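Engineer: Pasting in a structure now, in C-alpha cells, and then I'll have a few things to ask.
Any read-out appearing in this document is the output of simple, stated calculations on the displayed coordinates, not a laboratory observation. Given the structure is predicted, the values throughout are model-derived calculations rather than measurements. Here the Cβ positions follow ideal geometry from the backbone for every residue, glycine too, while neighbour counts run over all protein chains shown.
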Amino acid sequence: MLSHAMKSLLVKLGAGMLLALGNPAMAADPGISDSTITLGMSAPLSGPNGAYGKEMKEGALAYFAQLNASGGINGRKVELVTLDDGYETERTVANTRKLITENKVFALMAYYGSSPTTEAMKVFSEAKVPLIGTISGAGSLRTPVNRYMFHLRASYADETEAIVNHLVGLGINQIAVFYQNDGFGKSGLDGVIATLAQHKLKPVAIGSVERNSLDVGNAVAQIAKTNPQAVIMVTLYKPTAEFVRQMRKAGQIPQFSTLSPIGADLLVAEMGAKEAHGIGISQVMPYPWNDTLPIAKEYHKALQAHAKHSNYSYYGMEGFINAKLVTEALKKAGRDPSREKVVSALESGSFDLGGYKVSYSPTSHNGSRFVDLTVLGRDGKVLR
C-alpha cells in the first residue's frame, strides 16, 4: 500500500507532467529534435528567375554541408527544405504555409522578392516563425519593424542613393528610370525620386515592365524620346537585357545602371560580355572573388567542396552569408533554442560574419547599409 504522502507526491508529479505537455511555452518548438534543426526556404528555382534561387540555395547548402561536417550546432545537424515558388506571390504564400504546417520547420530563411515576401509575411508573422534573410530591399518590408523578419542586405533606397549620388557627382543630371511594376520596382523608383529631389532634380522619363515579362517596347519609346544621359533600371536580368538591346537599337547610348537583384553573372550570360560591357551595378554583398576577405575565402572553400566548382556569384555569396547568420543566431540562442530566443538573440546586437557585419535591435531589423558600386568589364567580369 502506498502511503498518503507518496500518493500525494505522485498526483503532483502527474499534474506537473500534464501541465508541461499542455503548455507550448514549455515544449520544444517544431523543427527542433535532439539531432536536427529543420529550416525552410521558398525561392524561384524555375521560370525566368530560377537561376537566382538556384545560386542562393547552392550557397546556403555549401555552408550547411561545412557546418554539419564539423558537428552541426550543439550536436544538431541542419536540414534545409527548399520549395520552388517561380517568383510568383501565390506560390510563395502556399509554400510558406506548407513549410510551417507540413514540413514543421523551425525558422525560414532567404525568401526572394518583395511582393511574394510581403504576402508571405502575413502567414509567418501569425505563426510567429522567424524569417531570417530577405532577398529584397523594399522599404515596405522594413517599416514598420516586423518582429519576425530580419533583413541581411541594404535597402533599395540605400542602393539608389549610392547610384544617383555617383551619377550626379559625374555631372549627369538627365536621368530616366526603368522599373519593374511590383513592390521591388516601385521601391527602387521611390528611392531614385527621393535622392534626385535632394539634388533638386526629377526623372526626365519613367517607363515600366510587368513582373516575369519581356514586353519593354512602351518603356523604350517613353524613355528614348527624352535622350537621357543615364537610365537607372530597377529590373531583373531578362527584361534588363531586352531593354538595353532595344534602347541601343533606337540609337540611345546612355549610362545604364542597375541594382543588385540583377545578378551580374546572369546578365552577362544573357547578353554576352561585349553587350553587357559598361553597365553599372550596385552590390549589397562583398565582392565574391575577393581572396583576402575571410567570408569570401570561407565561401570559396565550401563551394568547391560541396558543389565541386568555383563559379562564385553574388547570389551564391548571399545564400552562404544568410546560412551563416542563421547559424550564429541559433548558437547565440543557446543549447535549447526556441523561436523567441532566436529573435531575442538577433535583436541583442551585431554579428561579424567574416568581414560582413550586420546589426539588429528591437527598433531596427535592417541589418546592413553596405553598398558597393561596380561595373561590367569587357570580358564580362565585375570590376570595382
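Engineer: Using the Kirkwood formula over every pair of different C-alpha atoms, what hydrodynamic radius in Å results for the range 156-283?
Structural biologist: Result for the range 156-283, one decimal place: 14.1 Å.
Engineer: For the chain, compute Rg over Rh where Rg is the Cα radius of gyration and Rh is the Kirkwood radius from the inverse mean 1/r over Cα pairs.
Structural biologist: In the chain, Rg relative to Rh is 1.06.
Engineer: Just to be sure I follow the definition: excluding the sites themselves, where is the longest run in the chain that has none of the GluC sites (Glu not before Pro) in a DSSP loop with at most 15 other Cβ atoms within 10 Å?
Structural biologist: 211-384
Engineer: Okay, moving on. Can you compute 3J(HN,Hα) from phi for each residue in the range 368-384, using the Karplus curve 6.51 cos²θ - 1.76 cosθ + 1.60 with θ = phi - 60°, rounded to whole Hz and x for Gly and Pro?
Structural biologist: So the J values, rounded to whole Hz, are 8, 10, 5, 9, 10, 8, 10, 9, 7, x, 4, 8, x, 7, 7, 10, 9.
Engineer: Working out 0.36 nm times the residue gap between residue 363 and residue 222, then minus their Cα-Cα distance, what length gain in nm do you get to one decimal?
Structural biologist: 46.6 nm
Engineer: I would also like to ask the following. Taking only C-alpha pairs under 8 Å that are 6+ residues apart, what is the relative contact order of the range 156-283 in percent?
Structural biologist: Relative CO of the range 156-283 lands at 25 percent.
Engineer: Sticking with this one: What net charge do the residues around residue 241 carry, taking every other residue with its C-beta under 9 Å from that of residue 241, with Lys and Arg at +1 and Asp and Glu at -1?
Structural biologist: -1
Engineer: Output the 0 to 90 degree angle, nearest 10, between the alpha-carbon long axis of helix 183-198 and the longest principal axis computed from the alpha carbons of the chain.
Structural biologist: With both axes taken from Cα atoms, the answer is about 60 degrees.
Engineer: If you don't mind, another one. For residue 206, what residues show an amide H to amide H distance below 5 Å, using hydrogens built from the backbone and excluding near sequence neighbours?
Structural biologist: 177
Engineer: Could you calculate the contour length gain from residue 373 to residue 229, that is, 0.36 nm times the residue separation minus the distance between their Cα atoms, to one decimal place in nm?
Structural biologist: Full-extension gain reported as 50.0 nm.
Engineer: Could you calculate the contour length gain from residue 213 to residue 197, that is, 0.36 nm times the residue separation minus the distance between their Cα atoms, to one decimal place in nm?
Structural biologist: 2.8 nm is the gain from fully extending residue 213 to residue 197.
Engineer: Continuing with this model, one more query. Calculate the FRET efficiency for residue 147 and residue 104 from the Cβ-Cβ distance with a Förster distance of 22 Å, rounded to the nearest 0.05.
Structural biologist: It comes out at approximately 0.55.
Engineer: Residue 79's amide H: which non-local residues (gap 5+, or another chain) put their own amide H closer than 5 Å, with H modeled 1.01 Å from N in plane and none for Pro or chain starts?
Structural biologist: For residue 79, the qualifying residues are 37, 38, 39.
Engineer: As I understand it, the value is the acute angle between the Cα axis of helix 237-249 and the longest principal axis of the Cα atoms of the chain; what does it come to in degrees, rounded to 10?
Structural biologist: 0
Engineer: Show which lysines lie in cross-link reach of residue 202 when reach means a straight Cα distance below 21 angstrom and same-chain residues fewer than eight apart are skipped.
Structural biologist: Within the straight-line cut-off, residue 202 pairs with 186, 225.
Engineer: Any chance you could tell me what percent of the C-alpha pair distances in the range 55-100 go past 12 Å?
Structural biologist: Looking at the range 55-100, the distances longer than 12 Å represent 67 percent of pairs.
Engineer: In units of 2.2 N^0.38 Å, what is the alpha-carbon radius of gyration of the range 277-384?
Structural biologist: Output field value: 1.23.
Engineer: Oh, and also: Once phi is turned into θ = phi - 60°, what whole-Hz ³J(HN,Hα) does the Karplus curve with 6.51, -1.76 and 1.60 give for every residue of the range 308-322, x standing for Gly and Pro?
Structural biologist: Values per residue, Gly and Pro as x: 6, 8, 10, 8, 6, 8, 5, 5, x, 4, 5, x, 5, 5, 4 Hz.
Engineer: Round to the nearest 0.05 the FRET efficiency obtained for residue 292 and residue 384 when R0 = 22 Å and r is the Cβ-Cβ distance.
Structural biologist: That gives a FRET efficiency of 0.95.
Engineer: Hey, what did the chain get for relative contact order, percent, Cα under 8 Å, at least 6 apart?
Structural biologist: It rounds to 18 percent for the chain.
Engineer: Going 7 Å from the Cα of residue 70 in the Cα-to-Cβ direction, what parts of the range 292-322 have a backbone nitrogen less than 19 Å from that spot?
Structural biologist: Label zone hits: 292-308, 317-322.
Engineer: Efficiency by 1/(1 + (r/R0)^6): what FRET value for residue 348 and residue 126, r their Cβ-Cβ distance, R0 = 30 Å, to the nearest 0.05?
Structural biologist: Here the calculated transfer efficiency is 0.75.
Engineer: Compute the angle between helix 294-307 and the longest alpha-carbon principal axis of the chain, please, reported from 0 to 90 degrees and rounded to the nearest 10.
Structural biologist: That works out to roughly 80 degrees.
Engineer: Which ³J(HN,Hα) values, rounded to whole Hz and listed in residue order, are derived for the range 202-208 from phi using the Karplus coefficients 6.51, -1.76 and 1.60 in 6.51 cos²θ - 1.76 cosθ + 1.60 with θ = phi - 60°, glycine and proline given as x?
Structural biologist: With the stated coefficients, the range 202-208 comes to 9, x, 6, 6, 9, x, 9 Hz.
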